[in-house]
1. In segment 80-94, which residue that is of a type in the set (S, T, N, Q) and within 20 Å of Ala163 (Cα to Cα) is surrounded by the fewest Cβ atoms within 10 Å (Cβ to Cβ)?
2. Looking at this structure, is Arg77 touching a residue at least 40 places away in the same chain (Cβ under 8 Å), surrounded by fewer than 22 Cβ atoms within 10 Å (Cβ to Cβ), under 22 Å from Pro174 (Cα atoms) and charged (D, E, K, R)?
3. Could you please find all residues in segment 223-238 being more than 24 Å from the chain's Cα centre (by Cα) and either outside any helix (DSSP H, G or I) or free of Cβ contacts under 8 Å to residues at least 24 places away in the same chain (or both)?
4. From the list Thr300, Thr308, Thr337, pick out the single residue that is free of Cβ contacts under 8 Å to residues at least 40 places away in the same chain and in contact with a helix residue (DSSP H, G or I) (Cβ under 6 Å, 6 or more places away or on another chain).
5. Out of Arg248, Arg260, which single residue is among the charged types (D, E, K, R), closer than 26 Å to Gly334 by Cβ and open to solvent by 40 Å² or more (accessible area, probe 1.4 Å)?
6. Hey, any hits in segment 296-303 for a residue that's over 27 Å from Ala47 (Cα atoms) and either among the acidic types (Asp, Glu) or open to solvent by 10 Å² or more (accessible area, probe 1.4 Å) (or both)?
7. Considering only residues of segment 326-349 that are out of contact with any Gly (no Cβ under 6 Å at 6 or more places or on another chain) and surrounded by fewer than 22 Cβ atoms within 10 Å (Cβ to Cβ), which is farthest from Leu482 (Cα to Cα)?
8. Of all residues in segment 135-158, how many are open to solvent by 10 Å² or more (accessible area, probe 1.4 Å) and over 22 Å from the mean Cα position of the chain (by Cα)?
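The values are calculated or read from the model by the stated rules, or taken from the named source; none is laboratory data. Everything numeric here is computed off the predicted structure, so don't read it as measured data. Here Cβ is always computed from backbone atoms with ideal geometry, including for glycine, and neighbour counts include all displayed protein chains. Only protein heavy atoms, including side chains, enter the accessible area calculation; ligands, DNA and RNA are left aside. Shrake-Rupley method; radii C 1.70, N 1.55, O 1.52, S 1.80 Å.
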Amino acid sequence: MTSSSNARDRAALAGICLASLMFGLEISSIPVILPILESTLPADFRALQWIMNAYTIACTAVLMATGTFADRYGRKRVFMATTAAFGVTSLICGLAQSAPVLIAGRFLQGMAGGAMLTCAIAIISHQFPDGRERGRAFTLWGVVSGVGLGFGPVVGSMLTALAGWQWVFLIHVPLTVLALVPAAVGIRESRDPQAKQLDLAGIVTLTLAVFGLAFVITQGAELGLFLSLGLAGLALASFTAFLFVEKRAPQPMFDFSVFRIRRFSGAIIGCAAMNFSYWPFIIYLPIYFQSGLGLSAEATGLLLLAYTVPFMVMPAISDHLLRRHGPQLVVPLGMLTMAAGFIALWLGSGVAEPGWSTVLPGALLAGIGLGLTNTAVTNTTTGAVPSNRAGMASGIDISARLIALAINIPVMGLILVEGIRRSLPAGLSGVLDASQLQALATSVAAGNLGALPQSYPALALHDASGAGVHAALVQGFGWVMLYGGISAGLLAVVSFVIFGGFRLRAEGGAVATCAVSAEPEG
């Protein structure tokens with residue numbers, strides 16, 4: 001490889017890593033400002049959920065379309081356009097003056113971010129065809145992404161303190177320019193000469209299914225049983241239609257045949273597992289740390305850093321283990337470590353006097369598990385198919401992540417509210433009806449406990465000190481932690497079985513060292 005080619009590759013990787021840095025910052029810095037948005041916009045608990053979930057649902061809506069567009073019209077071209085769009089939509093979010101406008105801006109930002117990330121993974125796979133070089137590139141990409149994810153809470157706290165919450169979004173405008181310059185210089189254009197046509201029916205049916213399910217989970221308590229069941233039925237019908245369309249379309253966006261490749265399918269379970277536990281929980285952690293543990297905003301930022309920083313240092317270790325033992329051991333191991341972290345969090349939150357020291361070990365362990373899993377699954381999904389299918393593979397990879405995230409953000413919120421409702425002081429059930437108890441539990445889940453007596457005078461008689469409501473909040477978070485631990489543990493077992501257990505042990509090394517054939521492995 002010539003020096004000029006090496007320079008272009010370095011520039012390409014720099015642009016891609018900067019774009020991924022923005023994507024990582026956007027995920028982990030926003031939860032820090034949610035308590036501020038609650039009072040300044042203002043936004044209730046449901047609106048806070050949608051501020052996060054509009055982004056993930058929008059990402060899901062464009063992922064597979066982006067893979068098709070990138071394969072057909074050029075991965076570099078689509079990456080440049082979507083990265084620029086990410087900067088513009090970040091500007092819209094930063095200028096928002098109300099919760100509905102911010103939610104709409106987040107949806108547009110999610111569309112741009114999901115498309116940008118899909119192209120980034122596909123470009124790395126094509127730009128570095130050699131398996132070893134691709135492994136190094138993905139490792140560096142994972143480290144930089146980890147910097148964004150790991151330092152997002154601190155960056156978000158600093159920007160909010162120095163310039164206001166708006167700059168958590170506005171910072172992406174100059175970062176976009178910094179990413180576009182090396183990307184324009186270094187990325188070599190690539191496309192799939194046999195790229196399929198845009199599968200509009202598949203995109204619409206999948207998006208409706210994910211949005212419908214997330215909407216029912218988030219708003220179901222307010223909609224009533226009949227309407228909730230109807231919307232759930234429509235979501236199920238949309239998903240059934242999606243499966244029907246994809247099986248019969250001449251050029252489907254979702255090629256189900258790739259799931260016969262054990263490495264691909266086992267890694268996809270790992271993609272989903274991270275978003276059954278780790279990432280949706282980060283949205284609620286600031287509420288737990290501040291209202292549950294009574295920590296200051298600064299201490300909350302530092303403890304969130306402990307939750308995310310281990311993700312930064314694990315990609316190189318994950319890549320090393322991947323080369324030695326293969327994904328069939330590394331991916332389930334990472335998920336089991338995540339599960340152990342959540343169980344440790346649950347145990348630490350259940351002691352007589354929980355504090356930062358009782359939850360720190362679980363936070364660190366969960367982050368280590370995420371770092372082990374993330375790099376391994378990304379390298380495995382893209383390496384398990386031919387390079388000209390990289391757009392499709394990366395689209396399915398990120399779809400699995402974000403569909404799981406879009407569903408589990410409201411699922412965790414539902415578990416939190418239900419856990420709180422069942423743990424409220426017993427005396428309240430005699431003076432508040434079911435709908436009032438539900439509303440109180442939702443208000444408690446938002447974390448602003450000091451304002452509750454004004455809205456619920458019954459608390460003055462049945463919980464004057466606020467200790468009962470506070471205990472209910474902590475109990476609700478315990479339910480969420482237990483859910484995250486059990487989910488990650490069960491999916492680890494499923495992934496290990498799909499990989500074939502020890503039967504597939506290191507066929508000449510891990511998938512990181514060579515591109516694995518896309519032929520089914522049985």
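1. Step one: of segment 80-94, the residues of a type in the set (S, T, N, Q) are 82-83, 89-90.
Going one step further and asking which of them are within 20 Å of Ala163 (Cα to Cα), we end up with 89-90.
Values: Thr89: 23, Ser90: 26.
For segment 80-94, the residue satisfying everything is Thr89.
2. Here the answer is yes, as Arg77 does meet what is asked.
3. Within segment 223-238, the first condition is being more than 24 Å from the chain's Cα centre (by Cα), and the residues that meet it are 223-231, 233-234, 237.
Answer for segment 223-238, where residues must be more than 24 Å from the chain's Cα centre (by Cα) and either outside any helix (DSSP H, G or I) or free of Cβ contacts under 8 Å to residues at least 24 places away in the same chain (or both): Leu223, Gly224, Leu225, Phe226, Leu227, Ser228, Leu229, Gly230, Leu231, Gly233, Ala237.
4. So the residue among Thr300, Thr308, Thr337 that is free of Cβ contacts under 8 Å to residues at least 40 places away in the same chain and in contact with a helix residue (DSSP H, G or I) (Cβ under 6 Å, 6 or more places away or on another chain) is Thr337.
5. Numbers: Arg248 fails: closer than 26 Å to Gly334 by Cβ.
After ruling out the rest, the residue left standing is Arg260.
6. No - not one qualifying residue is present in segment 296-303.
7. Leu329
8. Residues in segment 135-158 being open to solvent by 10 Å² or more (accessible area, probe 1.4 Å) and over 22 Å from the mean Cα position of the chain (by Cα): 2 in total.
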